[in-house]
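J.: There's a structure below that I have some questions on.
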Amino acid sequence: MTKKQKTNLIRVIVSAVLVAGIWLSPLTGWLEGVLYLLPYFIVGYDILLKAVKGIFRGQVFDENFLMAVATVGAMALGDWREGCAVMVFYQVGELFQSYAVGKSRKSIAAMMDIAPDYANIERDGALAQVDPDEVRIGDVIVVKPGERVPIDGIVVEGTSQLDTAALTGESVPRHVEEGAEVISGCINMTGVLRVRTTKLFGASTVSRILELVENASEKKARTENFITRFARVYTPIVTFAALAIAIAPPLLGMGAWPDWILRGLTFLVVSCPCALVISVPLSFFGGIGGASKLGILVKGSNYLEALSEVDTVVFDKTGTLTNGTFNVVAIHAQDGVDPDYVLSMAAHAEAFSNHPIAISVKEAYSGTIDQARIAQATEESGHGVSAKVDEHVVLVGNDRLMSAHGSDWHDCELTGTILHVAIDGSYAGHIVIADVVKDDAEQAIRELHAAGVERCVMLTGDREEVARAVATKLGLDEYRAQLLPGDKVEQVERILDSARGNLAFVGDGINDAPVLTRADVGIAMGAMGSDAAIEAADIVLMDDKPSNIARAIRVARKTMRIVRQNIVFAIGVKVLILVLAAFGIANMWLAVFGDVGVAVIAILNAMRAMNARSIR
């Protein structure tokens, strides 16, 4: 509890005790009224000051003004006890609000704790602690057990276990050794690590995540914006309605002035919209905070609302539903051609490519790639590569590359990615490469269907038979194969036209930025360390599990259910009591429940959005 919350709690307790003491005392008349002023000003002086400041600033119609007018009016009419009690209970509601917002902020702050305070650098044989901003790319930093990795890099010495829970929500430690990539924000658990930095601190994973979380509150959902606009219009209307109730009937001879003024003041207390303007943003804030505990980073409540309405999920295949780690499983050379020669020429042609398929070919080649033998290497997007190796023109790629260059080729009975190799226009054979489906990919599709997603579609540049095999294994509804990078945007456009709800696209965030941007909701997964993912996506899943997509949707839908519950409950109860107040049936105590009671119940309900652990 903060110092301010403690002070307010003491004020409420002292005022409540004084009100009870005066209430039980035999005092009556003006002396009783004067004594009630003491607890009233103790508990409500800040509300009165805010109301006065609001008037001078031209921001008259807020909850402070409504509460000040209602309580001062009630006490002026001689209802000392009711006027004082209303202010006490209003402050009780403010305490609940403050506690709820603080609790929600703590769930966000847990994510903010990933920020490192320092980095260790060896200088003159001793470790020196420096500001992470001072570390340059290529510097070697030392991470001791119990410390956070301050900057992204590669382990150059040491073996350890990393706690990635703050980033991914996963409790299982990750083993790292020499050559492994590590990202900032993880906690080093066991051994000492020496890490060569690959990024500046400002561009590292932890900095990008903190920036994302800090900016999340700026992007408000449609519902949240509606409530804000609603309160701006609603508050002046009910204020003038209360004034009309207090003045019009007595002027028309329909009753005594004190009776109708009290009705107007009661109407004013009930009409305070704080239950809505507090609980709705708090629900979204709680949903974002709860999701962050699961390693799901949502860039704003507008994306959480959009995610709750998703009925179509489109996946990129490689790195999303599959591991993206390709392995050479077969080399089929033409008669009279040595398979090792086919692999050697393919590896040299792919020497300058960073595509996962190219990397798998180079890793399968046991020899040393001599770059002096290579000339005029050209990557043809979506088709493959061409290069001169030992003065031979080598083509390595799919059937479209072969056809484009007029080379013969033939298919393979094995399922996998087929990499055809042609040398000087003559077909030399093909290399079969397989990508393994992720362990929880099938479970992810099953859970998405269970969550109400109607269509799960896979887009891939891979061959028809490979795509069909993966789609059948995972239970996908549709798939599109042999797509060029630009084709994915076109396919998403077509699917968007036929989707009833929102469309979410899930990709690895590296080469899917155009599609992530075009979809209603862009989700980047397995994005630890991927700048492109954090930039392009609306929602970032920090681990590599597609099953977390369904979990993210469930968090969004739970949050929206809570938002709708609060709106219906708050408006419903208030309208009922407002009608009763207008007819003189509701007294000031029922008005207190209509304002503070409804607000407290709505706030407590909103706090349920923070409990994302139950979504697991």
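J.: For residues that are of a type in the set (Asp, Glu) and modelled with pLDDT of 90 or more, scanning just region 476-492, find the one that is surrounded by the most Cβ atoms within 10 Å (Cβ to Cβ).
T.: Asp477
J.: Can you list residue pairs whose Cβ atoms sit under 9 Å apart, with the first residue in region 328-342 being at negative phi and assigned by TED's automatic domain parsing to the domain that holds Leu414 and the second being among the hydroxyl-bearing types (Ser, Thr, Tyr) and assigned to a helix (DSSP H, G or I)? Count only pairs 6 or more apart in sequence or on different chains.
T.: Qualifying pairs under 9 Å: Val328/Ser360; Ala333/Tyr341; Asp338/Ser344.
J.: From the residues in region 125-141 that are out of contact with any Lys or Arg (no Cβ under 6 Å at 6 or more places or on another chain) and assigned to a strand (DSSP E or B), which one is farthest from Cys186 (Cα to Cα)?
T.: In this case the residue turns out to be Ala126.
J.: Okay, moving on. Based on what the data block shows, is Val466 under 21 Å from Gly382 (Cα atoms), at pLDDT below 90, loosely packed, with under 15 Cβ neighbours inside 10 Å and among the β-branched types (Val, Ile, Thr)?
T.: Against the criterion (under 21 Å from Gly382 (Cα atoms), at pLDDT below 90, loosely packed, with under 15 Cβ neighbours inside 10 Å and among the β-branched types (Val, Ile, Thr)), Val466 does not qualify.
J.: If you don't mind, there's one more thing I want to ask. Which residues, taken from region 1-52, are of a type outside the set (A, V, I, L, M, F, W, C) and not in a helix (DSSP H, G or I)?
T.: Thr2, Ser25, Pro26, Thr28, listed by residue number.
J.: Criterion first (under 27 Å from Arg554 (Cα atoms), surrounded by 19 or more Cβ atoms within 10 Å (Cβ to Cβ) and touching a Phe, Trp or Tyr at 6+ places or on another chain (Cβ under 8 Å)) does Val453 satisfy it?
T.: So Val453 fails the test.
J.: Now, a different point. Consider only pairs whose beta carbons are under 6 Å apart and that are at least six residues apart or on different chains; among these, list those whose first residue lies in region 516-530 and is at pLDDT 85 or above and whose second residue is acidic (Asp, Glu).
T.: Val521/Asp538; Gly522/Asp538
J.: Among Asp440, Asp435, Asp477, Asp497, which is within 22 Å of Asp411 (Cβ to Cβ) and of a type in the set (Asp, Glu)?
T.: Matching residue, one of Asp440, Asp435, Asp477, Asp497: Asp435.
J.: Moving to a separate point now. Every residue in region 545-579 that is without any contact (Cβ under 8 Å) to a residue 40 or more places away in the chain and either outside any helix (DSSP H, G or I) or surrounded by 18 or more Cβ atoms within 10 Å (Cβ to Cβ) (or both), please.
T.: Val573
J.: Any idea how many residues of region 358-373 are surrounded by fewer than 13 Cβ atoms within 10 Å (Cβ to Cβ) and not charged (D, E, K, R)?
T.: Residues flagged as surrounded by fewer than 13 Cβ atoms within 10 Å (Cβ to Cβ) and not charged (D, E, K, R) within region 358-373 amount to 5.
J.: Run Val453 past the list (1) part of a loop (DSSP other than H, G, I, E, B); (2) more than 22 Å from the chain's Cα centre (by Cα) and report the number of the one that doesn't hold.
T.: Here Val453 clears every test but (2).
J.: Let me confirm something: among Ala358, Ala372, which residue is out of contact with any Asp or Glu (no Cβ under 8 Å at 6 or more places or on another chain) and at negative phi?
T.: Residue meeting the stated conditions: Ala372.
J.: Now, a different point. Of all residues in region 381-433, which are within 30 Å of Asn548 (Cβ to Cβ), of a type in the set (Gly, Ala, Ser) and surrounded by fewer than 18 Cβ atoms within 10 Å (Cβ to Cβ)?
T.: Gly382
J.: Would you be able to say whether some residue in region 238-258 is modelled with pLDDT of 80 or more, of a type in the set (Phe, Trp, Tyr) and surrounded by fewer than 22 Cβ atoms within 10 Å (Cβ to Cβ)?
T.: Checked against the condition, which is being modelled with pLDDT of 80 or more, of a type in the set (Phe, Trp, Tyr) and surrounded by fewer than 22 Cβ atoms within 10 Å (Cβ to Cβ), region 238-258 yields at least one hit.
J.: Sticking with this one: Ala582 fails exactly one of the following numbered conditions: (1) of a type outside the set (Ser, Thr, Tyr); (2) at pLDDT 85 or above; (3) closer than 23 Å to Ala70 by Cβ. What is the number of that condition?
T.: (2)
The values are calculated or read from the model by the stated rules, or taken from the named source; none is laboratory data. Owing to the predicted nature of the structure, the values given are computational and were not obtained by experimental measurement. Ideal geometry is used to build each Cβ from the backbone, glycine not excepted, and the neighbour counts take in all protein chains shown.
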